[in-house]
Amino acid sequence: MDPLRALLDLPDQEKVERGLEHTPREIWQQPETWSKTYERCLSQRAELNNVLRRAGIGRGNTSSPTVYLIGAGSSDYTGRALAPLLRRRWSCEVWAIPSTTLLTEFEEFHRPGKEYLWISFSRSGDSPEGVALLEQALDRHKEIRHLVITCNAQGAMAQLCLRHTDRALALVLDDAVNDRGLAMTSSFTNMVLAGQCVGHLDDDAQFGEMVAQLCDTGRRFLPVAAEAAVAISLLGCTRACFVGAGVLRAVADESALKVVELTGGKITTLAETPLGLRHGPLSSVDAHTLFVAFLSSEARRRGYELDLLREIDRKRLGRVRTVVAAGRCEDTSSLVDRCLSLNCGARFPDQFRPVLDVMLGQLLGLFASMQCGLKPDQPSPSGTITRVVGAIKMYS
């Protein structure tokens, strides 16, 4: 039986007692929710196009605005998963900057006289850094235009947009993806997909075909990834290392965060690029380490990734080695323990893969949490981390 499906079929009371009421369902529902997010973006196409037009998107390299993709934690990784795609689609500067950095270093990233579009990501819309940044920008910098992508219509960021409709718009996703579990899962992939939709407003029909393919591929990949995640979690690894290049580096970051969050820090994690890992961090890949590589479909990146896999194999590093690839894995089968294929073709573009690949990281976190004796919906019984980061003191 599909191990994720088995969790969904547990009696309701057992789900509550074991902390499995939300997280398994929120991981499982993702392929079904992506098409709804696409439809929601289409329903607001006119408003979204207006925001982009007024911000200056589409004017060309010489006079386009600088776009900042802003968030914290998983919401920051959302921006990192989108920046290359939007940079290519809009032919302008697009940079992912954590709200936790922008709040303290605003002057370093803002130049008077320049035009800016801020796209902020927040599941709850109540992250203290995100709210503070949006408030300050709306009050003090009227030249900045804003798009907020959130899963909570009642969140502070969505409400701020309603009070400043001349410069800000909130794209509020379906409440079903406002994850109730501590860890962001369906909220992450749906905010990524919403950002991709915003980047394809001038080509929405063709992108709709891509969304249909993502939904179909995701449905088929989930049980395969769940089976692998269960088998890996039973090995009891105490460390996990995730690598990826380009947008797949954001997948590695988010996967590492999911495992450390859902295991309450009992499994320490690391995320790097294939080349970056060799500059010191490779020393952390020991006999107790799960190693996961999200392999690029682009030949040049793939070459560096294969070189890293050969080095790891030659040095006999890692407890278990796993790769995820868009197509077949013949070039890695002798180097790793598990080859997971998305089965969407070897040339499937990396830029659309984050919503698919990250589901393995989510499932590894879920089953490792259970293996650690924790409740995945509330994996931090001491309250060290919470669903929404607590309020902080703001300094002007």
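Considering the conditions (1) without any contact (Cβ under 8 Å) to a residue 40 or more places away in the chain; (2) in contact with a strand residue (DSSP E or B) (Cβ under 6 Å, 6 or more places away or on another chain), F294 is excluded by exactly one of them, (1).
Based on this model, can you work out whether A137 counts as touching a strand residue (DSSP E or B) at 6+ places or on another chain (Cβ under 7 Å) and not acidic (D, E)?
For A137, the condition - touching a strand residue (DSSP E or B) at 6+ places or on another chain (Cβ under 7 Å) and not acidic (D, E) - is met.
Kindly indicate whether V355 is open to solvent by less than 10 Å² (accessible area, probe 1.4 Å) and touching a residue at least 40 places away in the same chain (Cβ under 8 Å). In short, yes.
Yes/no matrix, rows are residues, columns are (1) of a type in the set (A, V, I, L, M); (2) at negative phi; (3) surrounded by fewer than 17 Cβ atoms within 10 Å (Cβ to Cβ):
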residue: G280; (1), (2), (3): no, no, yes
residue: S283; (1), (2), (3): no, yes, yes
residue: S296; (1), (2), (3): no, yes, no
residue: R302; (1), (2), (3): no, yes, no
residue: L309; (1), (2), (3): yes, yes, no
residue: K315; (1), (2), (3): no, yes, yes
residue: A326; (1), (2), (3): yes, yes, no
residue: S334; (1), (2), (3): no, yes, yes
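Taken together, the residues in the stretch 1-14 that are over 26 Å from the mean Cα position of the chain (by Cα) and either closer than 19 Å to L364 by Cα or at pLDDT below 95 (or both) amount to 1.
When you check G318 against the structure, is it of a type in the set (G, A, S) and closer than 20 Å to L270 by Cα, yes or no?
Details: of a type in the set (G, A, S): yes; closer than 20 Å to L270 by Cα: yes.
Against the criterion (of a type in the set (G, A, S) and closer than 20 Å to L270 by Cα), G318 qualifies.
Within the set E254, E209, the sole residue that is at pLDDT 95 or above, open to solvent by less than 10 Å² (accessible area, probe 1.4 Å) and among the acidic types (D, E) turns out to be E254. Checked against (1) under 25 Å from D179 (Cα atoms); (2) touching a helix residue (DSSP H, G or I) at 6+ places or on another chain (Cβ under 9 Å); (3) at pLDDT 95 or above; (4) surrounded by 16 or more Cβ atoms within 10 Å (Cβ to Cβ), T100 meets all criteria but (3). L214 meets the conditions (1) more than 17 Å from G327 (Cβ to Cβ); (2) under 20 Å from the mean Cα position of the chain (by Cα) in every case but one. The failed one is (1).
Go through G265, G244 for me and flag whichever is open to solvent by 30 Å² or more (accessible area, probe 1.4 Å) and small (G, A, S). Reasoning before the result, please.
Values: G244 fails: open to solvent by 30 Å² or more (accessible area, probe 1.4 Å).
Every option except G265 fails the conditions.
Taking (1) part of a loop (DSSP other than H, G, I, E, B); (2) open to solvent by less than 30 Å² (accessible area, probe 1.4 Å); (3) among the hydrophobic types (A, V, I, L, M, F, W, C) in turn, F188 satisfies each apart from (1).
Can you list the helices (runs of 4 or more DSSP H) found entirely within the stretch 1-61 that contain at least 2 residues being open to solvent by 80 Å² or more (accessible area, probe 1.4 Å) and under 27 Å from A194 (Cβ atoms)? Explain how you work it out, then say what you get.
Details: elements: 3-8, 12-17, 23-28, 30-43, 45-55.
Counting at least 2 such residues, we get 23-28, 30-43, 45-55.
The values are calculated or read from the model by the stated rules, or taken from the named source; none is laboratory data. Values in this document were obtained by computation on a predicted structure and should not be read as measured data. So basically every Cβ, Gly included, is an ideal-geometry build from the backbone, and we count neighbours across all protein chains shown. All accessible areas refer to the heavy atoms of the entire protein, side chains included, with ligands and DNA or RNA removed. Shrake-Rupley method; radii C 1.70, N 1.55, O 1.52, S 1.80 Å.
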